[in-house]
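First the structure, in the form of structure tokens, and then the observations on it.
All of the numbers you see were taken from the coordinates with simple rules; none came from a lab. Because the structure is a prediction, the values reported are computed rather than measured. As a convention, Cβ positions derive from the backbone with ideal geometry for all residues, glycine included, and neighbour counts pool all protein chains shown.
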Amino acid sequence: MVHDLYILMITAGIVSLLFKLLKQPVVLGYIVAGVLVGPNLFGENLVNHENVEAWGNIGVLFVLFCIGLEFRLKNLFQSGKVALVGAATIIVGMLVLGYGVGRFALLDNMNSLFLAAMLCMSSTTIVMKAIDEAGLSKARFVKGATGILILEDIVAVVLLVLLSSIAVKNSFEGVELLKKVGVLAVTLVIWFVVGILVIPTLLRKVRPYLNDETLIILALGLCLGMVLTAEEAGFSSALGAFVMGMVLAETLESHRIEHLMAPLKNVFAAIFFVSVGMMINPSSLVEYWPSILFVSVVIIIGMITFGTLGCWWGGETFKDAMSTGFSFVQIGEFSFIIAALGSKLGVTDPAIYPIIVAASVLTTFLTPYIMKATTPCYNFLYNHASPRLRSKIDQREQQVAESEKTTSSASEDKFQVHAKKVKHAVRKTIVTKHVVNLFFENMSENDKKEEKTEK
């Protein structure tokens with residue numbers, strides 16, 4: 001086992017360093033490292049695949065736990081209509097497009113459904129990293145893009161649960177699916193509300209005794225406890241890890257936990273991406289290159305189209321909407337997880353996995369260059385638009401600018417306003433008064449801390 005870990009770490013380290021020097025995402029380096037140590041390139045196993053797969057599964061839990069830690073209800077609320085309409089447009093549009101591509105390729109319903117799920121999620125990690133490296137972190141469109149990514153992550157976890165259920169029963173029943181969605185929604189709400197009521201209060205009481213060592217052990221214990229709870233309830237372990245991350249994101253210690261988790265997340269995430277690369281057969285890439293190219297084009301065109309339309313319908317300016325769409329032109333970690341799930345359950349065609357991974361690598365590589373094309377494409381479309389459309393674009397720009405001035409002069413945060421309305425609505429209910437007040441108290445304390453930090 002130590003030998004396997006040594007081979008993995010040294011190969012991943014060297015290859016990722018090379019990719020860093022080439023100014024490419026290190027995720028691609030990890031996948032290439034997996035190809036190098038896998039059985040398909042040199043015809044022999046340099047590492048034990050079962051050990052790597054076990055570590056990779058742990059890596060998935062840590063990645064989803066950390067994604068949950070980055071989730072903030074406040075940030076999602078501030079994104080408002082843009083996040084909701086944008087995410088709905090992208091997810092529904094890409095699901096339909098992906099399913100259509102599957103049927104066009106003569107795949108059955110199950111394969112087409114899994115393919116659609118793989119194509120409908122952009123990579124949060126890659127998008128945010130690309131935005132940061134492009135120096136656009138403070139750009140106006142980033143807030144809406146972040147909200148969309150948060151909702152996509154939530155939907156991705158839900159899709160994992162639903163796809164697992166559909167694959168096990170090997171059937172797609174509308175009524176059964178609606179029941180599953182209903183049970184899942186109720187379960188998520190109960191877990192989240194109970195978690196917000198109990199865990200932040202608990203952490204506040206023991207805060208004087210929480211050094212870094214104790215805090216990280218406690219956080220991991222809570223994460224694994226929720227993982228076991230999710231499995232016992234018949235849901236995926238990934239759901240439990242994500243939910244506990246969401247709960248801890250609303251505590252005063254969220255940023256500290258996130259900082260402490262970073263090394264563990266990086267190590268096990270690297271192992272997960274290496275395990276992904278180990279399943280790629282280079283000869284299959286040559287065999288399926290037309291399919292890889294076709295899927296990549298579908299991803300790029302689909303994400304640009306639905307991302308731009310969704311954000312435009314959500315109220316963003318046309319340029320900001322295009323900036324979001326042009327930054328979402330790749331698939332990433334959730335696509336790998338869904339592809340691995342299909343392969344593990346034996347319900348997807350073996351050819352889909354290498355095609356998806358290769359398409360992800362190609363689109364990830366192209367993301368920075370496509371983002372740079374946003375302004376030239378916007379200028380071209382604006383200059384060649386009809387006078388009526390150009391008038392609408394200018395009018396939206398003016399409306400957004402005026403809205404920003406109004407928002408910046410507001411004395412109270414929108415989230416706090418709506419929180420007060422909810423508390424006021426239940427003020428006369430004696431039984432729920434204390435519970436609701438405690439819920440919003442636990443959430444608002446974290447918001448206040450973040451505001452002080454920003455100032």
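Data table
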{"quantity": "Residues in region 225-244 reached by a label modelled at Leu202 [backbone nitrogen below 17 Å; 7 Å Cα→Cβ]", "calculated": "225-231, 240-244"}
{"quantity": "Cβ-based net charge around Gly310, under 11 Å, with every Lys or Arg adding one and every Asp or Glu removing one", "calculated": "0"}
{"quantity": "Packing-based order for 92-99, 396-403, using average beta carbon neighbours within 10 Å, highest first", "calculated": "92-99, 396-403"}
